[in-house]
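The values are calculated or read from the model by the stated rules, or taken from the named source; none is laboratory data. Note that the coordinates shown come from a computational prediction; the quantities given were computed from them, not determined experimentally. Cβ coordinates were reconstructed from backbone atoms using ideal geometry, including for glycine residues, and neighbour counts include every protein chain displayed. Accessible surface is based on the protein model in full, side chains and every heavy atom, while ligands, DNA and RNA are left aside. Shrake-Rupley method; radii C 1.70, N 1.55, O 1.52, S 1.80 Å.
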Amino acid sequence: MRSWIIGSGVAAVLCLLTWMWVLGSRSSPSSQVVAYCAQDQVYAEPILRDFEKETGVQVRAVYDNEAVKTVGLANRLIAEAGHPQCDVFWGNEELRTRQLVAREVLRATNAWASFGYRSRRLVVNTNRLALASAPRGLLELTNQIWRGKLALAYPQFGTTATHFHALRQAWGVPPWEIWLRALAANRPMLVDGNSVVVSTVGRGDAWIGLTDSDDIAAGQREGLPVAAIPMTDETLLIPNTVAVTRDAPHPQAAQQLFEYLQRPEVAERLVASGALEGVSTAQMSQPALRVDWDALLAALESSTTTLNETFLR
């Protein structure tokens, strides 16, 4: 009986604290905005601070960890849909934002926009492997020569998952599943996030990796002996997104931040810092995957099941 009373007391305190946070965040309609941010904090924080200086609106930013990134924040938004805590979602890839649209988590009109882009790339350790000898495409990663020499983030999460889902659509289901099984059998190093892929390749623990262009750029700035393989028609472009939630607690401030992040100078600043690779996908001339997002979302549950079955944590 005593333990039940203590447990009930703890639950009551937690509930009270939660409501105090909610009421506090809603107390001043235009003085603050809650942003769930999948863009790396080192890049996003200076931009959000400048938004605060310009508008006087305080940004209460929530960031996620490297391993789950946008997936974790998207799942949190879905869980909170009945009692939204977030105003603006700054995503670092497109799929999860489209998922939120499909789940009616975002506002009904003018819900989201994309800006800038990164890309999915193969990265090599230039001390271990000459660029001329590196694999030119993803199908080559199942070759015996790369057994145990490839690093990639867990394919159930983040941009690795989005890339793999897009490849399923481009190649067709049977060839994709054959490739997945062959890739898993080649003993890749599965790591917690794309930046870890680059550091693993940079140390020479792996010779090649599949990662994001911004993480390669960061590794190069740190002096790692890494280089990116040029884009192919298997390359996935990854725009940033900004979205406003349905029934956002601070709609006026949310709209201000929504418009601010779409300014060309924000994308240009992210490109200059290495967070993005380009300002607009419309300016792209290189080959890249063309994704039917509606079809991808319709097949998402099935393809996710296959990834989970193939790459068990």
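Just checking, how many residues over region 107-135 are among the aliphatic types (A, V, I, L, M) and part of a strand (DSSP E or B)?
Within region 107-135, residues that are among the aliphatic types (A, V, I, L, M) and part of a strand (DSSP E or B) number 4.
When the residues of region 267-287 are narrowed to those that are touching a residue at least 60 places away in the same chain (Cβ under 8 Å) and more than 18 Å from the chain's Cα centre (by Cα), which ends up most open to solvent (accessible area, probe 1.4 Å)?
The residue in question is ARG269.
Looking only at region 68-89, decide whether some residue is within 18 Å of GLN262 (Cα to Cα), in contact (Cβ under 8 Å) with a residue 24 or more places away in the chain, touching a Phe, Trp or Tyr at 6+ places or on another chain (Cβ under 8 Å) and open to solvent by less than 10 Å² (accessible area, probe 1.4 Å).
Scanning region 68-89, I find at least one residue that is within 18 Å of GLN262 (Cα to Cα), in contact (Cβ under 8 Å) with a residue 24 or more places away in the chain, touching a Phe, Trp or Tyr at 6+ places or on another chain (Cβ under 8 Å) and open to solvent by less than 10 Å² (accessible area, probe 1.4 Å), so the answer is yes.
Touching a Ser or Thr at 6+ places or on another chain (Cβ under 7 Å) and open to solvent by less than 10 Å² (accessible area, probe 1.4 Å): is that true of VAL191 in this structure?
No; evaluated as a whole, the condition is false for this residue.
On the basis of being within 18 Å of the chain's Cα centre (by Cα) and at pLDDT 95 or above, does VAL123 make the cut?
The answer is no for VAL123.
Restricting to region 136-181, name every residue that is assigned to a helix (DSSP H, G or I), farther than 18 Å from ALA228 by Cα, open to solvent by 40 Å² or more (accessible area, probe 1.4 Å) and among the hydrophobic types (A, V, I, L, M, F, W, C).
Of everything in region 136-181, those that are assigned to a helix (DSSP H, G or I), farther than 18 Å from ALA228 by Cα, open to solvent by 40 Å² or more (accessible area, probe 1.4 Å) and among the hydrophobic types (A, V, I, L, M, F, W, C) turn out to be ILE145, ALA170, TRP171, VAL173, ILE178.
Which residue pairs have Cβ atoms closer than 9 Å, lie 6 or more positions apart in sequence or on different chains, and pair a first residue in region 117-136 that is closer than 26 Å to ALA282 by Cβ with a second residue that is basic (Lys, Arg)?
Listed pairs, sorted by first residue: LEU122/ARG136.
Inside region 106-135, can you point out the residues that are among the aliphatic types (A, V, I, L, M) and open to solvent by 10 Å² or more (accessible area, probe 1.4 Å)?
Across region 106-135, the qualifying residues are ALA108, ALA111, ALA113, LEU122, LEU129, ALA130, LEU131, ALA132.
Hey, GLN220 hits all of (1) in contact (Cβ under 8 Å) with a residue 40 or more places away in the chain; (2) part of a helix (DSSP H, G or I); (3) of a type outside the set (Lys, Arg) but one; which does it fall short on?
Condition (1) is where GLN220 drops out.
Could you tell me whether any residue of region 201-209 is surrounded by fewer than 23 Cβ atoms within 10 Å (Cβ to Cβ), touching a Phe, Trp or Tyr at 6+ places or on another chain (Cβ under 7 Å) and not β-branched (Val, Ile, Thr)?
no
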